[in-house]
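The next block holds one structure in the form of structure tokens; read it before the comments.
The values are calculated or read from the model by the stated rules, or taken from the named source; none is laboratory data. Remember, predicted model here, so these are calculated numbers, not experimental data. Using ideal geometry, Cβ is built from the backbone for each residue, glycine included, and neighbour counts are taken over all protein chains shown. Accessible surface areas use protein heavy atoms only, side chains included; no ligands, DNA or RNA. Shrake-Rupley method; radii C 1.70, N 1.55, O 1.52, S 1.80 Å.
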Amino acid sequence: MAPAAASQHQATTVAPTSGRKVVDEVSGWLRVMDDGSIDRTWTGPPEALPLMQPVQPYAVPRDGHTLHDLPGEPNLRVYLPEVDAGSVGRLPVIVQLHGGGFCISHPSWVLYHHFYARLACAVPAVVVTAELPLAPEQRLPAQIHTGVDVLRRLRSIAMSDEGSLDDPAAELLRKAADMSRVFLVGDSSGGNLVHLVAARVGEDGADAWAPLRVAGGIPIHPGFVRATRSKSELQDTPDSVFFTLDMLDKFLAMALPMGATKDHPYTCPMGPTAPPLESVPLPPMLVAVAEKDLIRDTNLEYCDALRAAGKEVEVLINRGMSHSFYLNKFAVDMDPTTGERAQELIDAIKSFVARH
């Protein structure tokens with residue numbers, strides 16, 4: 001996303017609605033107006049607002065990496081770690097598919113930036129983040145199609161001749177990236193997209209995507225649920241600004257195809273309406289599950305279903321943590337336990353990438 005485009009996604013303080021009336025609201029994140037328009041002005045706790053500010057790209061290294069925007073279809077953002085190319089060669093590629101219940105957030109926000117910049121340097125890997133369409137303006141499967149389009153664009157860059165790319169950032173990406181080792185990482189609803197995009201690519205077969213290969217998938221606290229409440233959803237878990245039952249219910253109602261329930265394959269790939277997992281071509285998976293997540297139980301059910309289907313799956317339990325804890329920069333920086341768990345997550349991703 002170009003800087004101007006990114007700034008349009010900046011969360012702001014409450015703005016007047018020009019006489020429009022709110023007909024539905026989602027936990028401070030989103031309002032549906034009586035004229036059908038959507039207002040994503042943040043109305044929750046003001047102390048959370050700094051996490052939603054966009055970070056502008058920079059070609060001069062900061063903290064061991066540079067940050068580049070690649071406008072296009074779709075808009076991409078690229079983190080390039082500073083490494084000795086002669087000693088490490090081309091780097092694996094991590095493609096981040098952002099969360100937000102398919103309805104909110106933007107990959108330029110501080111809450112993603114602080115984690116994925118750190119991850120790029122730790123692995124080290126080229127990290128590519130993508131701007132996804134938002135529901136309810138664009139319901140599923142629009143986000144899946146965009147996820148596949150991200151990989152198509154990366155494949156096109158990989159197949160380009162030296163000097164043929166107009167954008168200098170694209171040329172830097174072409175030179176740095178090993179497109180035969182692409183790992184899909186998704187936060188929350190982005191974790192659903194990891195499964196769905198990987199399956200779509202797998203159905204095409206390896207030859208259709210060469211030289212690009214999806215070597216692994218890493219859903220982090222994926223939004224896998226059922227229409228009936230799980231035990232962990234019913235437990236008295238403190239609401240988080242990142243995740244509430246109100247968000248879960250309303251965002252999925254806005255994002256799923258009209259008339260669908262949470263038992264739809266997009267949100268319940270282990271359910272009876274989804275293709276049998278044995279038949280779904282998936283790469284090796286590392287699934288992160290937060291111990292205090294509202295949807296912990298259905299996350300674990302997904303992992304069990306993968307194992308039962310004979311899939312290669314590793315599970316990381318984030319002990320004592322809630323949904324998307326690692327995106328809260330303030331908690332990661334100031335609370336020792338949260339910081340330790342965030343480091344454990346980075347270490348697990350680094351290890352998984354090194355082994356695949």
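Taking only segment 239-250 into account, find how many residues are open to solvent by less than 30 Å² (accessible area, probe 1.4 Å) and of a type outside the set (Ser, Thr, Tyr).
Residues flagged as open to solvent by less than 30 Å² (accessible area, probe 1.4 Å) and of a type outside the set (Ser, Thr, Tyr) within segment 239-250 amount to 3.
Scan segment 243-260 residue by residue and report those that are out of contact with any helix residue (DSSP H, G or I) (no Cβ under 9 Å at 6 or more places or on another chain) and in contact (Cβ under 8 Å) with a residue 24 or more places away in the chain.
243, 244, 246, 247, 250, 254, 256, 257, 258
Test each condition in (1) surrounded by fewer than 21 Cβ atoms within 10 Å (Cβ to Cβ); (2) touching a Lys or Arg at 6+ places or on another chain (Cβ under 9 Å); (3) under 20 Å from residue 342 (Cα atoms); (4) not small (Gly, Ala, Ser) for residue 38 and report the one that comes out false.
If we test residue 38 against (1) surrounded by fewer than 21 Cβ atoms within 10 Å (Cβ to Cβ); (2) touching a Lys or Arg at 6+ places or on another chain (Cβ under 9 Å); (3) under 20 Å from residue 342 (Cα atoms); (4) not small (Gly, Ala, Ser), just (3) comes out false.
Would you pick out the residues in segment 323-338 that are over 19 Å from the mean Cα position of the chain (by Cα) and surrounded by fewer than 20 Cβ atoms within 10 Å (Cβ to Cβ)?
Within segment 323-338, 330, 331, 333, 334, 335, 336, 337 qualify.
Looking at this structure, is residue 350 out of contact with any Lys or Arg (no Cβ under 7 Å at 6 or more places or on another chain), in contact (Cβ under 8 Å) with a residue 40 or more places away in the chain and closer than 25 Å to residue 101 by Cα?
no
Taking the condition aliphatic (A, V, I, L, M), more than 30 Å from residue 204 (Cβ to Cβ), open to solvent by 20 Å² or more (accessible area, probe 1.4 Å) and part of a loop (DSSP other than H, G, I, E, B), does residue 253 pass?
no
Any residue that is free of Cβ contacts under 8 Å to residues at least 24 places away in the same chain and under 16 Å from the mean Cα position of the chain (by Cα) - is there at least one of those in segment 122-139?
yes
Restrict the check to segment 188-198 and report whether at least one residue is assigned to a loop (DSSP other than H, G, I, E, B), within 20 Å of residue 302 (Cα to Cα) and open to solvent by 10 Å² or more (accessible area, probe 1.4 Å).
Yes - at least one qualifying residue is present in segment 188-198.
Listed here are the residues, each with its yes/no results for (1) open to solvent by less than 50 Å² (accessible area, probe 1.4 Å); (2) touching a residue at least 24 places away in the same chain (Cβ under 8 Å); (3) in a helix (DSSP H, G or I); (4) touching a Phe, Trp or Tyr at 6+ places or on another chain (Cβ under 6 Å).
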| position | (1), (2), (3), (4) |
| --- | --- |
| 297 | yes, yes, yes, no |
| 301 | no, yes, yes, no |
| 307 | no, no, yes, no |
| 311 | yes, yes, no, no |
| 321 | yes, yes, no, no |
| 340 | no, no, yes, no |
| 346 | yes, yes, yes, no |
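Criterion first (of a type outside the set (Ser, Thr, Tyr), modelled with pLDDT of 95 or more and over 18 Å from the mean Cα position of the chain (by Cα)) does residue 253 satisfy it?
The answer is yes for residue 253.
Taking the options 350, 262, 292, name whichever one is closer than 29 Å to residue 43 by Cα and either open to solvent by 60 Å² or more (accessible area, probe 1.4 Å) or assigned to a helix (DSSP H, G or I) (or both).
Just one listed residue meets the conditions, 292.
Is one or more of the residues making up segment 52-71 open to solvent by 70 Å² or more (accessible area, probe 1.4 Å) and touching a Pro at 6+ places or on another chain (Cβ under 8 Å)?
yes
Kindly evaluate residue 10 against the criterion of being surrounded by fewer than 19 Cβ atoms within 10 Å (Cβ to Cβ), in contact with a Pro (Cβ under 6 Å, 6 or more places away or on another chain) and modelled with pLDDT under 95.
So residue 10 fits the description; yes.
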